[in-house]
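Working notes for the structure below.
The values are calculated or read from the model by the stated rules, or taken from the named source; none is laboratory data. Source: prediction; values computed, not measured. In this analysis, Cβ positions are derived from the backbone assuming ideal geometry, glycine residues included, and neighbour counts consider all displayed protein chains. The area values use the complete protein model at the heavy-atom level, side chains included, leaving out ligands, DNA and RNA. Shrake-Rupley method; radii C 1.70, N 1.55, O 1.52, S 1.80 Å.
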Amino acid sequence: MTDIFLGPKRYVQRPGALADAGAELKAFGRRPLILTDDIVGAILRPLLEESLRAADLTPFHVRFGVECSLAEIGRVSEIGRAEKADVIVGAGGGKAIDTARAVAGRLDLPLVTLPTSAATCSAASTVSVIYEKGVRTDTIDGKAAELVLVDSAVIAAAPSRLLAAGLGDTLAKWYEGKPTFDRTPDPSPSLQAALALSTQVKETIFMHGLDAKLDADGGKHSPAVEKMIEANILMAGVIGGIGGKTFRVALAHGLLYGMTVLPQTHRLLHGEVVSYGLAVQACLEGKEAELRRLIPFFSKLGLPLTLEELGIHSVEDPLFREGLRRTCAKGGSAHNLPLPVDERILLRAIQEVEQRVRQMRS
């Protein structure tokens, strides 16, 4: 049986794309609810105001809270009803856009996303990750965007750390999806397509990712940056959609969600922890060739590769142990791997990553 969510319906990426936001939004409504945090709002409002006014739209801006939680989804939904919104616009990063997607689904309104970073594929995804006080509690299927409007000049000007984190998260599509594919006796055409696309995107990232990071570090909006923006947002979203639930995640995302019990990990980006998890997963699987490729690549991107860089100072920390337990809990995505995973085995793989990184840096 195939049961997947596909999106977005339309994807536009080019420098200056936000100048056309008013004309684009007008196709979906006249009263857009624009959900952003304070930092993103300060960046976007000057870029949007003239365009929205010229299109004769009457937008209202809603300040996004700390996380995509059920309470935040409910709060924004109530504001949308009261203000008679007719289109929901999620702008900024993954959590704000995930919230906007859930609100659009709850209110049965069109969704438009305006990503300001390439750190995740949320803008082109169809799922929302739910958190409560920083701890991931659920992932829910949601609403595909009618339009993803990507102003690549804005994204290229964002801190390069965001682009690097997105590269790690996008690589996870292959590294976590391939074990699922290999365990499927008769993979569907959609699963075969997800594997083919993720393989292509993986090689594109290894070919252009470091150049894109260096260009972004230097404030250069280059063809490599454009390629990596599209890979991180559009292609990752499409792969996650056609691959279905099982192709999306394995140990790397399982470790990310398990470790959210540690407050110090909340300062890290989604893709930073996922990247670390990919190194741990490759150790678990004994993928020597991939480890020789991944660890130097992530190091050059500036992604965290040690517990210390994750803010974890002792493997005896009770919260760290709880994170291991959650990662290995029955029914979790860590068990999508074709091998047993428990807390002892996981800790051994983490310690192997520590050793390999020390050797590489010595």
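Brief remarks on what is shown
- Contour minus Cα-Cα distance for Phe60 and Ala157 (0.36 nm per residue): 32.3 nm
- The simple Förster model, with R0 at 30 Å and r as the Cβ-Cβ distance, assigns Arg81 and Ala19 a FRET efficiency of 0.45.
- Relative contact order of region 132-284: 36 percent, from C-alpha pairs under 8 Å at least 6 residues apart in sequence.
- Highest-MSF residue in the chain out of Glu309, Glu24, Glu272 [GNM, Cα springs under 10 Å]: Glu309
- Listed residues Val280, Met207, Leu301: farthest to the positive end of the dipole of region 205-341 (Cβ charges): Val280
- Compactness of region 1-74, expressed as Rg and Dmax over alpha-carbon positions, Å: 14.9, 48
- 13 Å cut-off, amide nitrogen to a point 7 angstrom out along Leu6 Cα→Cβ, residues in region 187-219: 189-191, 193-194
- Kirkwood Rh (inverse of mean 1/r, distinct Cα pairs), region 57-141, angstrom: 12.7 Å
- Cα→Cβ-extended label distance, 7 Å offset, between Met360 and Gln192, nm: 3.5 nm
- Here the simple spin-label model places points 7 Å from the Cα toward Cβ, and for Asp141 and Ala27 these points are separated by 2.6 nm.
- Take each peptide in 129-140, 93-104, count the other Cβ atoms within 10 Å of every residue, and average; sorted highest first, the result is 93-104, 129-140.
- Mean Cα-pair separation over length for the chain, i.e. relative contact order, pairs under 8 Å, 6 or more apart, %: 17 percent
- Counting 0.36 nm for each residue step from Lys245 to Asp217 and taking away their Cα separation leaves a gain of 6.6 nm.
- For the listed peptides 105-116, 80-91, 62-73, a ranking on the average number of other beta carbons within 10 Å per residue, highest first, reads 105-116, 80-91, 62-73.
- Euclidean distance of C-alpha centroids, region 324-358 and region 163-188, integer Å: 17 Å
- Ranked by how many other beta carbons lie within 10 Å on average, peptides 187-195, 207-215 from highest: 207-215, 187-195
- Rounded to the nearest 10 Å², the accessible area of Tyr175 at probe 1.4 Å: 10 Å²
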